[in-house]
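Structure record follows, encoded as structure tokens.
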Amino acid sequence: MTVYLVGAGPGDPGLLTLRGAELLRSADVVLYDRLVTSDVLALVRSDALCIDVGKRPGTDTPGADRRQHEIGRLLVEHGRTSAVVVRLKGGDPFVFGRGGEEVEILEAAGIPWQIVPGVTSALGVAGAAGIPVTHRGLASSVTIVTGHTLDRGGTPGPGHEPNWAALAKTGGTLVILMGMASRAAIAAALVDAGRDADTPVAVIEHGTTPAQRMVRTTLTGLPDVDLGPPAVIVVGPVVALAPRAPEAPRG
Ligand code: SAH
């Protein structure tokens with residue numbers, strides 16, 4: 001009896017690990033998130049119990065906390081009674097996926113668990129779109145950050161907001177997840193702290209899926225980008241290296 005926290009990768013089933021695919025084929029129970037694509041779920045055995053525990057964006061709202069509590073309860077319940085339980089998360093389970101909290105719950109309940117890492121959208125979506133997140137002479141660091149804690153008015157959330165001023169000064173490549181609702185406030189915070197308003201920016205929506213769309217702009221133009229979640233925002237000179245018209249993803 002083991003609960004496996006499996007990273008589903010960014011969307012394209014070809015980007016799921018071999019270990020992840022093997023576990024999906026043998027799982028008795030699969031609890032999956034909203035970001036997991038139907039192409040990945042197609043690997044699950046037809047007689048497996050498949051539970052949608054998808055959360056709406058807004059992981060800090062009281063409703064989301066209640067749902068997270070319910071996920072913990074289901075993990076413990078099925079972890080005690082089924083041989084192979086897969087907790088399937090978009091991207092990598094430990095990158096903004098609340099995987100750490102679920103491990104704490106399993107530990108407290110004495111249920112064995114394992115992590116099967118996945119290709120995080122932060123790196124995989126940018127890469128598949130032709131953006132090298134580091135590049136000699138252009139970016140010697142890449143920082144992955146959540147944009148979720150800034151509300152639409154630019155007010156930081158309680159106690160765990162990224163330090164945008166410090167991030168602006170660090171330079172390199174910035175990859176922002178969950179940043180679409182706050183994109184105007186994020187762009188303003190970075191420019192106010194000294195990042196060049198002409199810094200290239202790419203927004204990639206539904207990356208690595210047949211629905212992928214990408215817009216290239218600058219920090220000045222970011223608020224006007226007409227794409228929605230799920231999307232990654234890539235900020236930095238490496239964005240200029242992306243091909244103008246990237247090849248359509250496989251699908
Ligand atoms: N654990 C996940 C991230 C969860 S947070 C990972 O490692 O990728 C959810 C955010 O991930 C979304 O708001 C979006 O910013 C990003 N994301 C996930 N899948 C994506 C995709 N296919 N295309 C673009 N962004 C994606």
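The values are calculated or read from the model by the stated rules, or taken from the named source; none is laboratory data. These numbers come from a predicted model, not from an experiment. Cβ placement follows ideal geometry from the backbone for every residue including glycine, while neighbour counts extend to all protein chains displayed. Just so you know, the surface numbers come from the protein's heavy atoms only, side chains and all, with ligands and any DNA or RNA stripped out. Shrake-Rupley method; radii C 1.70, N 1.55, O 1.52, S 1.80 Å.
Residues in segment 1-16 that are farther than 23 Å from Arg80 by Cβ and open to solvent by 10 Å² or more (accessible area, probe 1.4 Å): 6 in all. State all residues of segment 202-223 that are more than 18 Å from the chain's Cα centre (by Cα) and either of a type in the set (A, V, I, L, M) or near the ligand (Cβ under 10 Å from one of its atoms) (or both); if no residue qualifies, say none. Once the filter is applied, which keeps residues that are more than 18 Å from the chain's Cα centre (by Cα) and either of a type in the set (A, V, I, L, M) or near the ligand (Cβ under 10 Å from one of its atoms) (or both), segment 202-223 yields Val215, Leu219, Leu222.
Of all the residues in segment 67-123, those that are within 26 Å of Gly207 (Cα to Cα), of a type in the set (A, V, I, L, M) and surrounded by fewer than 17 Cβ atoms within 10 Å (Cβ to Cβ) number 1. Exactly one of (1) touching an Asp or Glu at 6+ places or on another chain (Cβ under 7 Å); (2) open to solvent by less than 50 Å² (accessible area, probe 1.4 Å); (3) more than 18 Å from Ile144 (Cα to Cα) is unmet by Arg213. Its number? With (1) touching an Asp or Glu at 6+ places or on another chain (Cβ under 7 Å); (2) open to solvent by less than 50 Å² (accessible area, probe 1.4 Å); (3) more than 18 Å from Ile144 (Cα to Cα) applied to Arg213, the lone miss is (2). When segment 181-201 is limited to residues that are in contact with a helix residue (DSSP H, G or I) (Cβ under 6 Å, 6 or more places away or on another chain) and assigned to a loop (DSSP other than H, G, I, E, B), the one that is nearest to the ligand (Cβ to nearest atom) turns out to be Arg195.
Considering only residues in segment 226-238 that are on the phi < 0 side of the Ramachandran plot, over 14 Å from the mean Cα position of the chain (by Cα) and surrounded by 20 or more Cβ atoms within 10 Å (Cβ to Cβ), the one that is farthest from the ligand (Cβ to nearest atom) turns out to be Val238. Within segment 17-40, the set of residues being in a loop (DSSP other than H, G, I, E, B) and either open to solvent by less than 20 Å² (accessible area, probe 1.4 Å) or closer than 11 Å to Lys89 by Cα (or both) comprises Ala27, Asp33, Arg34, Leu35, Val36, Thr37.
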